[in-house]
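Worksheet for the structure shown next.
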Amino acid sequence: MQKSMNTRIKTFRTIEELATLCIKWLSEKTSGSRNVTIALSGGRTPLAMFEALKNEDWSKVDVNKLRLFWVDERCVPPDHSDSNYGNAISFLTEFFGIPAACIFRMHGENDPLNEVERYGQLINTQLDKEDGFPVFDLTYLGMGEDGHTASIFPGNEDLFDSKKWCATTNQPQSGQHRITLTGSLINHSKEVVLLVTGVSKASIVQEVVLKKGTQKYPVSLVKPTNGSLLWLLDEAAASLLPPDIIEKAI
Ligand code: 6PG
């Protein structure tokens, strides 16, 4: 399989190993003089990682240099059980000590179209730019079992060619309104990490990574323009990949 030069695939045995990798990255990146901008995904996987990060040593991370954003948000109030921000915020502030002023949620309770404009302007002021696009230092993505990423679902692939930075979509099964970063903005990140766990996603990981099959999944369009793409997989999600293309994360 011909991987593009800027794509790497790593596996990890436990979520605790992943948390250690994450703290190492955060410590290194925040040791410099500039702020570190990160876009977070929602769903279950980040919550498992946040739980593991509670047991890590954050003393070498300069949390005041972090600027946290979201890749997407469900159009619900922050105290709703579906809220990506609502599920993450106590980890970020109470356990990791990240100041609230460094955290920029999408206002899921707002009118979606108004929030797309507001969040786009916020990103415009907070991030450095390249080719006219704001650049995240790191965008952390998950992947759904239908190959969606962020809230870019099958049928929303045009968001990878959008000139905009944020958009509204609907979750296909529930119709739930979503706010999402566009694929074109995601592809301008310096680093994109696709964190995927579980055997239920192994076949779609195989299809996308090995470029097999004809189905074009939104996640297969994650191709950073100048940045790097790292697939971070647990051993179950990587179980259908040839071992020779996988690096061990630790
Ligand atoms: C969301 C996410 C979404 C998520 C995938 C994987 O708001 O739900 O941004 O893209 O990353 O659906 O979710 P799990 O981690 O729960 O499998």
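The values are calculated or read from the model by the stated rules, or taken from the named source; none is laboratory data. Just so it is clear, the model here is predicted, and its values are computed rather than measured. Virtual Cβ from ideal backbone geometry, glycine too; neighbours counted across all protein chains shown. We work out accessible area using only protein heavy atoms, side chains counted, and drop any ligands, DNA or RNA first. Shrake-Rupley method; radii C 1.70, N 1.55, O 1.52, S 1.80 Å.
Before moving on, here are some points about what is shown:
- Of all aspartates and glutamates in the structure, those lying under 15 Å Cα to Cα from Lys29, and not within fewer than 8 positions of it along the same chain, are Asp62, Asp137, Glu191.
- Extents of region 158-250, largest first, come to 38, 33, 26 Å (Cα atoms, principal axes, whole angstrom).
- Dimensionless Rg over Rh [the chain; C-alpha; Kirkwood]: 0.93
- Long-range amide H partners of Gly42 with built H, under 5 Å: Asp72
- Surface exposure of the chain, expressed per residue as accessible area with a 1.4 Å probe, stands at 46 Å².
- Residues Thr180, Thr225, Thr7 ordered from highest to lowest accessible area at a 1.4 Å probe: Thr225, Thr7, Thr180.
- In this structure, the amide hydrogen of Val36, modeled 1.01 Å from its nitrogen in the peptide plane, lies closer than 5 angstrom to those of Leu66, Arg67, counting only residues at least 5 positions away or on a different chain.
- The share of accessible area on the chain that comes from carbon and sulfur is 51 percent, using a 1.4 angstrom probe.
- Pairs spanning more than 20 Å between alpha-carbon atoms, out of Lys129/Lys163; Lys54/Lys248; Lys190/Lys248; Lys65/Lys163; Lys164/Lys223: Lys54/Lys248; Lys190/Lys248; Lys65/Lys163.
- For region 13-84 versus region 181-244, the inter-centroid distance based on Cα atoms is 19 Å.
- Relative contact order computed over the chain (Cα-Cα under 8 Å; 6+ residues apart), in percent: 24
- Evaluating 6.51 cos²θ - 1.76 cosθ + 1.60 at θ = phi - 60° for every residue in region 85-98, the Karplus couplings come out as 5, x, 7, 9, 4, 5, 4, 5, 8, 6, 8, 9, x, 7 Hz, glycine and proline recorded as x.
- Here the chain is assigned +1 on the Cβ of each Lys and Arg and -1 on the Cβ of each Asp and Glu. Its dipole about the Cα centre then comes out at about 540 debye.
- Our analysis of region 1-138 gives Rg over Rh at 0.97, with the two radii drawn from alpha carbon positions and Rh computed by the Kirkwood formula.
- Placing His80, His107 in order of accessible area, with the largest value first and a 1.4 Å probe, yields His80, His107.
- Near the amide H of Leu230, within less than 5 Å, lie the amide hydrogens of Arg8, Val192, Val193, Leu194, all on another chain or at least 5 residues away, with H placed in the peptide plane.
- Helix content alone sets the calculated 222 nm mean residue ellipticity of the chain: runs of n ≥ 4 DSSP H residues at -39500 (n - 2.57) each, divided across all residues, give -6500 deg cm²/dmol.
- From largest to smallest, the equivalent ellipsoid semi-axes obtained for region 15-77 from the alpha-carbon gyration tensor read 21, 17, 8 Å.
- Using the Karplus relation 6.51 cos²θ - 1.76 cosθ + 1.60 with θ = phi - 60°, the per-residue 3J(HN,Hα) values for region 55-62 come to 9, 8, 8, 8, 5, 9, 9, 7 Hz, with x marking Gly and Pro.
- One compactness figure for region 145-202 is 1.18, namely its Cα radius of gyration divided by 2.2 N^0.38 Å.
- Each residue of region 185-191 was assigned a 3J(HN,Hα) from its phi angle through the Karplus expression (A = 6.51, B = -1.76, C = 1.60, θ = phi - 60°), giving 5, 3, 6, 9, 5, 5, 9 Hz with x at Gly and Pro.
- Taking label positions 7 Å along the Cα-Cβ direction at both Lys163 and Glu145, the computed distance is 4.0 nm, reported to one decimal.
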